[in-house]
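Below is one structure, written out as structure tokens; comments come after it.
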Amino acid sequence: MSKSALFSVRKHDPCPACGADLVIRSGKHGPFLGCVNYPTCDYVRPLKNQADGHIVKVLEGHACPQCGADKVLRQGRFGMFVGCSHYPECDYTETIDKPDETAIACPQCQNGKLVQRRSRYGKTFHSCDHYPDCQFAINATPVEGVCPHCQFPLLIEKKTAQGMKRLCASKRCGKLIAQDEERS
């Protein structure tokens with residue numbers, strides 16, 4: 001077995017191309033199944049336990065509103081979600097973690113509200129719920145208030161070594177707001 005193979009697969013899983021054993025290899029997109037005779041045989045197959053929408057648990061007693069079948073908890077590439085057990089015939093899905101909406105108005109478009117979202121890397125940020133029309137986004141926790149220096153209608157809270165500090169959310173200003181300035 002070569003160095004790049006992590007470990008071999010059950011003996012009853014031969015390579016469909018040449019009949020040799022399959023091994024689990026690690027690539028830039030994660031682990032996959034590959035033929036032991038690589039590079040002579042270049043057969044590869046994704047692992048079944050990757051984030052492919054596989055069923056984690058059947059949610060009995062919860063019917064799909066589109067077809068009436070049981071709902072299931074699935075693991076997808078963007079995390080856990082609820083879907084229909086009759087997928088792909090029925091494509092019903094619902095998210096588990098709906099974005100937390102704040103009561104803070106978007107300072108850029110003045111129409112939307114700021115909602116908490118998660119980037120594809122797992123980082124939390126806040127953005128306008130009128131995206132893509134309004135593309136306002138900040139990486140810190142928004143706080144209602146007006147900057148006394150530039151009159152920007154939003155402040156942010158950041159944790160520092162000295163404790164929680166409030167700053168102007170404007171990228172042009174970004175000044176620290178003293179506690180006595182907040183009250184005035």
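Could you list, in their original order, any pairs among Lys28/Lys171; Lys113/Lys158; Lys28/Lys113; Lys123/Lys165 whose Cα atoms are separated by more than 27 Å? Too far apart for the 27 Å limit: Lys28/Lys171; Lys28/Lys113. Counting heavy atoms of the protein chains alone, Tyr87 has an accessible area of about 140 Å² for a 1.4 Å probe. Taking all protein chains in place and a 1.4 Å probe, what share, in percent, of the accessible surface of region 108-151 do carbon and sulfur account for? For region 108-151, the apolar C and S fraction of the accessible surface comes to 43 percent.
Rounded, prolate or oblate: pick one for region 124-179, where a ≥ b ≥ c are the square roots of the eigenvalues of its C-alpha gyration tensor, a/c under 1.5 means rounded, and failing that, prolate if a/b is larger than b/c, else oblate. Oblate, since a/c reaches 1.5 and b/c is not below a/b. Ordering Ile24, Ile96 by accessible surface, largest first, gives Ile96, Ile24; the 1.4 Å probe counts only protein heavy atoms, with every chain in place.
Taking a 1.4 Å probe, which of Met80, Met164 shows the most accessible area, and what order do the others take after it? Spell out each step's value before the answer.
Values: Met80 80, Met164 110 Å².
Sorted by accessible area, descending: Met164, Met80.
With the whole protein complex present, Leu176 retains an accessible surface near 100 Å², based on a 1.4 Å probe.
For Val143, the residues whose modelled amide H falls within less than 5 Å of its own, excluding neighbours fewer than 5 places apart on the same chain, are Leu155, Ile156, Glu157.
The values are calculated or read from the model by the stated rules, or taken from the named source; none is laboratory data. Here the structure is a predicted model, which means the values were calculated and not measured. Calculation scope for accessible area: heavy atoms of the full protein, side chains included, ligands and nucleic acids excluded. Shrake-Rupley method; radii C 1.70, N 1.55, O 1.52, S 1.80 Å.
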